[in-house]
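Worksheet: the structure to be examined is printed underneath.
The values are calculated or read from the model by the stated rules, or taken from the named source; none is laboratory data. Small disclaimer: the values here were computed from a predicted structure and weren't measured. Positions of Cβ are backbone-derived with ideal geometry, glycine not excepted, and every protein chain shown enters the neighbour counts.
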Amino acid sequence: MGKLIVLEGIDGSGKSTQFQMLCSRLEKSGAEFRRLVFPQYSEPSSALIKMYLGGEFGTSPEDVNAYAASAFFAVDRFASYKKVWKKYYDAGGVLLSDRYTTSNAVHQASKLGEAERAAFFDWLYEFEFTLMGMPEPDAVIYMDVPLETALEQMRRREAETNTAGDIHETDSAYLKKCRECAVQAAEHYGWKRIGCTEGGVMRRAEDISEEIFDYVTREVL
Ligand code: ADP
């Protein structure tokens, strides 16, 4: 069996930026690995996700409960596992993933009261890893960013790319709960936390990248 390394964080935490940087550094170091990015918006397995995020089941994230929405995202991962990376992983390959099951813990647990979240976290891992049979990550790198910083970064990206946010990204009350859930999930599951701000200001992307690269090469690979 191979290794699965996941990068996780709320929207606007700089995940995609760090994912690219980690991949480049690992490539330069000669490491053999493959990339995964979820959701797979260009694949038919993401149909329900697109309907949900596009507001077809209701314009608020709460219009689809945590368990139903988690199933949509799990199905997309299952399709990619079976079609794209199972063989490589079974033969000992290393996979680096931008989001995974862990994103359900961050984005769906926020629909539940604090007391119900631990049971949801346990259900989530049981559902995808035991019942659906997908691999559990060997390491989850959680990029911790306060809500205000994440919101600033998201608005900046929307301006840079001239795009509008989906029903998660435009709902700041929902995103606030996502940050709380991310912190709770990181503790619950024992994720590796990377603090991305100092004194309320985002650290340099290069410095965050250095910390992530050191962790991955020294403690995971
Ligand atoms: P995510 O994938 O978590 O939503 P992105 O990687 O797309 O986040 O980053 C969101 C925005 O913040 C982008 O405009 C990106 O260029 C910028 N950004 C990411 N990391 C940093 C950083 N460390 N310092 C300053 N800006 C950053």
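Things to note:
- Among the residues of region 1-41, those identified as more than 10 Å from the ligand (Cβ to nearest atom) and assigned to a loop (DSSP other than H, G, I, E, B) are MET1, GLY2, SER29, GLY30, ALA31, GLU32, PHE33, PHE38, PRO39, GLN40, TYR41.
- Here ALA159 fulfils each of the conditions (1) small (Gly, Ala, Ser); (2) part of a helix (DSSP H, G or I); (3) within 30 Å of TYR67 (Cα to Cα) apart from (3).
- Any hit, region 106-113, residues being among the basic types (Lys, Arg), part of a helix (DSSP H, G or I) and within 16 Å of the ligand (Cβ to nearest atom): no
- The residue that is farthest from ASP11 (Cα to Cα), counting only those in region 165-178 that are away from the ligand (no atom under 14 Å from the Cβ) and small (Gly, Ala, Ser), is ALA173.
- Inter-residue pairs, beta-carbon under 6 Å, first under 15 Å from VAL84 (Cα atoms) and modelled with pLDDT under 95 and in region 28-54, second part of a loop (DSSP other than H, G, I, E, B) and of a type in the set (D, E, K, R), 6+ apart: none
- Among the candidates TYR89, TYR52, the residue that is out of contact with any Leu (no Cβ under 7 Å at 6 or more places or on another chain) and assigned to a helix (DSSP H, G or I) is uniquely TYR52.
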